[in-house]
1. Scan region 112-133 and give yes if some residue there is in contact (Cβ under 8 Å) with a residue 60 or more places away in the chain, within 14 Å of R43 (Cα to Cα) and outside any helix (DSSP H, G or I), otherwise no.
2. May I ask you to say which residue of A12, A8, A36 is of a type in the set (A, V, I, L, M, F, W, C), surrounded by fewer than 11 Cβ atoms within 10 Å (Cβ to Cβ) and either farther than 14 Å from L91 by Cα or in contact with a Ser or Thr (Cβ under 9 Å, 6 or more places away or on another chain) (or both)?
3. Could you tell me whether region 108-130 includes any residue that is open to solvent by 70 Å² or more (accessible area, probe 1.4 Å), within 20 Å of G10 (Cβ to Cβ) and out of contact with any Ser or Thr (no Cβ under 6 Å at 6 or more places or on another chain)?
4. Restricting the first residue to region 5-25 and requiring it to be farther than 15 Å from L61 by Cα and of a type in the set (G, A, S), which pairs with a second residue that is surrounded by 14 or more Cβ atoms within 10 Å (Cβ to Cβ) and at pLDDT below 95 meet a Cβ separation below 8 Å and a spacing of at least six or different chains?
5. Being part of a helix (DSSP H, G or I) and either aromatic (F, W, Y) or open to solvent by less than 60 Å² (accessible area, probe 1.4 Å) (or both) narrows it down to one residue among L17, L57, L83; which is it?
6. Please determine, by comparing only the residues of region 39-54 that are without any contact (Cβ under 8 Å) to a residue 24 or more places away in the chain and not in a helix (DSSP H, G or I), which one is nearest to F125 (Cα to Cα).
Amino acid sequence: MPERIGRALGYAVLIWLSGFVWGSVVFMTPALRNIAAIPYVSRYPAISFPLLLLWLLITYLLARSYLNLTTDKATEGLRLGLLFATVNFVLDLMVLVILFKNGLAYFASLTVWLAYFILLTVPWFTGRSLAST
């Protein structure tokens with residue numbers, strides 16, 4: 001578990017909420033909602049591709065902010081990444097799959113797993129980078 005669990009959980013939920021808000025905007029905009037799916041890559045490209053870019057940036061900034069106050073930055077970065085990915089997976093499962101009834105097909109796209117990979121590795125690499133400087 002990360003050192004400051006409350007702050008880390010808050011950051012993880014903030015990342016997930018940014019995706020949820022962007023997804024809501026896309027579903028309320030007919031021109032964006034009707035963009036065709038890319039089989040096995042993305043069911044909703046207007047949501048997933050902008051979020052991948054946004055999450056690279058926001059995950060880096062939040063990880064850097066969190067890790068500036070830690071001593072073992074590399075290890076703490078890995079823990080933070082695990083927390084980010086786990087919280088987002090659980091929230092996706094609870095809200096998008098179960099509550100909104102998307103079904104497990106939600107997880108059948110490459111961009112979803114790439115997003116989890118970003119959430120896992122960016123804080124870890126950020127921590128390693130901060131530790132080496």
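The values are calculated or read from the model by the stated rules, or taken from the named source; none is laboratory data. Here the structure is a predicted model, which means the values were calculated and not measured. Methodologically, a virtual Cβ is constructed for each residue, glycine included, from the backbone with ideal geometry; neighbour enumeration extends over all protein chains shown. The area values use the complete protein model at the heavy-atom level, side chains included, leaving out ligands, DNA and RNA. Shrake-Rupley method; radii C 1.70, N 1.55, O 1.52, S 1.80 Å.
1. no
2. When all the criteria are applied, what remains is A36.
3. Checked region 108-130: at least one residue is open to solvent by 70 Å² or more (accessible area, probe 1.4 Å), within 20 Å of G10 (Cβ to Cβ) and out of contact with any Ser or Thr (no Cβ under 6 Å at 6 or more places or on another chain).
4. From residues that are farther than 15 Å from L61 by Cα and of a type in the set (G, A, S), the pairs are G23/Y44.
5. L83
6. Y44
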